[in-house]
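In what follows, a structure is listed as structure tokens, so that the remarks can point back to it.
The values are calculated or read from the model by the stated rules, or taken from the named source; none is laboratory data. Keep in mind the model is a prediction, meaning the values are calculated, not measured. Neighbour counts run over all protein chains shown; Cβ positions are idealised from the backbone, glycine included. Heads up: the accessible areas ignore ligands, DNA and RNA and are worked out on the full protein's heavy atoms, side chains in. Shrake-Rupley method; radii C 1.70, N 1.55, O 1.52, S 1.80 Å.
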Amino acid sequence: MTTMTASDTLVPFAEATERYEPVIGLETHVELGTRTKMFCGCITTFGAEPNSQVCPVCLGLPGSLPVVNRTAIEYTIRIGLALNCEIASWCRFARKNYFYPDMPKNFQISQYDEPLCTDGYLDVDVNGTTTRVGIERVHLEEDTGKSLHVGGATGRIHGAEYSLVDYNRAGIPLVEIVTKPVAGTGADAPVVARAYVTELRDLLRSLNVSDVRMEEGSLRCDVNTSIAPRGASEWGTRTETKNVNSLRSVERAVHFEIERQAAVLDAGGRVTQETRHFHEDTGTTTAGRSKEEAQDYRYFPEPDLVPVAPPIEWVAQIKAALPEAPAARRARLRAEWGLSEADMTALSNAGALDLVAQTVAEGASPSDARKWWLGELARHANESGIELSALAITPAQVARVAELIEAGSLNDKLARQVIDAVLAGEGDPDDIVEARALGVVSDDGALTAAVDEAIAANPDVVAKIRAGKTQAVGVLVGAVMKATKGQADAARVRELILQRLS
Ligand SMILES: [Zn+2]
């Protein structure tokens, strides 16, 4: 037997990719954000009471007939166009026949040999190198329901006492995006896989067709991996790791499969074509069922639906309305903001790109916007263990804080207090400055007393300054800042001290 378990020996990644060339492929399922389901009028809201969003059509009751959701077709065409695909002028749905308890009709309405979109690509940047990932097809199908296995340790059916089925998800429009095999990426294969899913997610988000939340399952990934000895004329046998549910896991799944398959081949074995499960906790995969072939599903054209024939003018209209692609937007913003590629990557990785763009749009300078989102606010988000975008502060409020600093009404220290207060729900920056009397004090009358006190308390420093060591003035400025709890205008304090001592 060549099926391995997690405890088997692996070939270290560097060694494996030195001797073997990986080929990857990704199948991504995206739940569309349509208001209603694919073939009926049921609402699609996530997290509703189980089996509260169902009807005879999505429960597969006798006599019910499906009707295609026009918005789902439009969204799929939008995705296809954004991925540089050909859009079919005529295509049909097909029945994919198999039994699954969470699929009430005992078949899934999908697309088989007549997908809506074919032959496109998505460019992916990794460490300054662009990989063009070919898109084989983009097709439309319906999602299944969800099984919940209760009583087992892992939530899997094995060891469970009983199982429940929720059909709310059954019939939600699902788009499947299948890449062509991606070869020639060598040791970058895991990173390329992750970068592709990241880019695809950002693209889908910009198209406004899905909320693309991996953690809620609206974006799910199956990762195909094979390896072959370097220089071999044929690719190896691939495995399909199912339902990889985070960007990091996509990278780890490919990484692990390369190490595992190299060990199988090194031992003189053959890689089994099969589906595999990814385990988040260990970063390993284990064998699932052996992979079935397309003919096992007995596809045939869906007799209950008319063909889909999107008019050319409609497709042209959808194309004309496509938003700027994320890659083009990043390049444009990078030029406008005068940032390096590394700065831009840091912004993207921190999930701060849109927030910074919105803060700049609200009037802040790009450097101020970056400073606050990547500094103070990133620290707050880290401490609370949440995304930057989940912080209780808006780009407009951040822009206002930057503006108050620019105008000399706040210094950095006071600004941090204002931001803390905004995050604590105390209101807008202006309200907080007023309510807490946090403004910078630059009024000479209010500062003079503190300046005089500092001069009187530090005769030795005064002597140094008078002797020409003007850098010692910092000590006195510090004393005044301390006495005014950081609210004094430091530049004005410095001027006043020098005036007094001249
Ligand atoms: Zn329904």
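List the pairs from Lys180/Lys371; Lys413/Lys469; Lys464/Lys485; Lys371/Lys464; Lys96/Lys242 whose alpha-carbon separation is above 30 Å, in the order I gave them. Result: Lys180/Lys371; Lys371/Lys464 exceed 30 Å. When cysteine pairs in the chain are screened for C-beta atoms closer than 4.7 angstrom, the residues that find no partner are Cys40, Cys42, Cys55, Cys58, Cys91, Cys221.
Accessible surface of Glu15, taken over heavy atoms with a 1.4 Å probe and every protein chain present, rounds to 90 Å².
Heavy-atom accessible area, probed at 1.4 angstrom with all protein chains present, ranks Trp90, Trp314 as Trp90, Trp314, highest first. Between the listed residues Ala488, Val473, Leu377, the Cα displaced farthest toward the positive end of the dipole of the chain, a dipole computed from Cβ unit charges relative to the Cα centre, is found at Val473. The residues Ile87, Ile157, sorted by heavy-atom accessible surface at 1.4 Å with ligands and nucleic acids left out, run Ile157, Ile87 from largest to smallest. Protein-only accessible surface at a 1.4 angstrom probe places the residues Ile405, Ile135 in the order Ile405, Ile135, largest first. The value obtained for the stretch 235-382, namely the Cα convex hull volume divided by the number of residues, is 252 Å³ per residue. Net length available on complete extension from Ser384 to Ala463 is 23.6 nm, with 0.36 nm assigned per residue and the Cα-Cα distance removed. In summary, the helical segments of the chain meeting the span-like criteria, namely a full DSSP H run, a Cα extent along the axis of 20 angstrom or more and a mean Kyte-Doolittle hydropathy of at least -0.5, are 189-207, 247-266. Relative to its residue count, the stretch 1-106 spans a Cα convex hull of 244 Å³ per residue. When the alpha carbon coordinates of the stretch 154-297 are projected onto the principal axes, the ranges are 48, 43, 35 Å, largest first. For Lys485, the solvent-accessible surface with a 1.4 Å probe is about 150 Å², rounded to the nearest 10. Using C-alpha pairs below 8 Å separated by at least 6 residues, the relative contact order for the chain is 15 percent.
Here is the P(r) of the stretch 80-178: all C-alpha pair distances, binned every 5 Å from 0, give 3, 12, 15, 15, 13, 12, 11, 10, 7, 2, 0 in whole percents.
Measuring r between the beta carbons of Thr448 and Val475 and using R0 = 25 Å, the FRET efficiency lands at 0.85. Once the gyration tensor of the Cα atoms in the stretch 215-264 is diagonalised, the equivalent ellipsoid follows with semi-axes of 25, 11, 8 Å, ordered largest first. For the stretch 412-482, the equivalent ellipsoid derived from the Cα gyration tensor has semi-axes of 34, 12, 8 Å, listed largest first. Size estimate for the stretch 355-493 follows the Kirkwood approach: the inverse of mean 1/r over distinct Cα pairs works out to 16.5 Å. Within the chain, the percentage of alpha carbon pairs spaced more than 28 angstrom apart rounds to 65%. For Thr71 and Gln273, a Förster radius of 25 Å and the Cβ-Cβ distance give a FRET efficiency of 0.10, rounded to the nearest 0.05.
In the context of the full protein assembly, Leu164 retains an accessible surface of approximately 80 Å², using a probe radius of 1.4 Å and ignoring ligands and nucleic acids.
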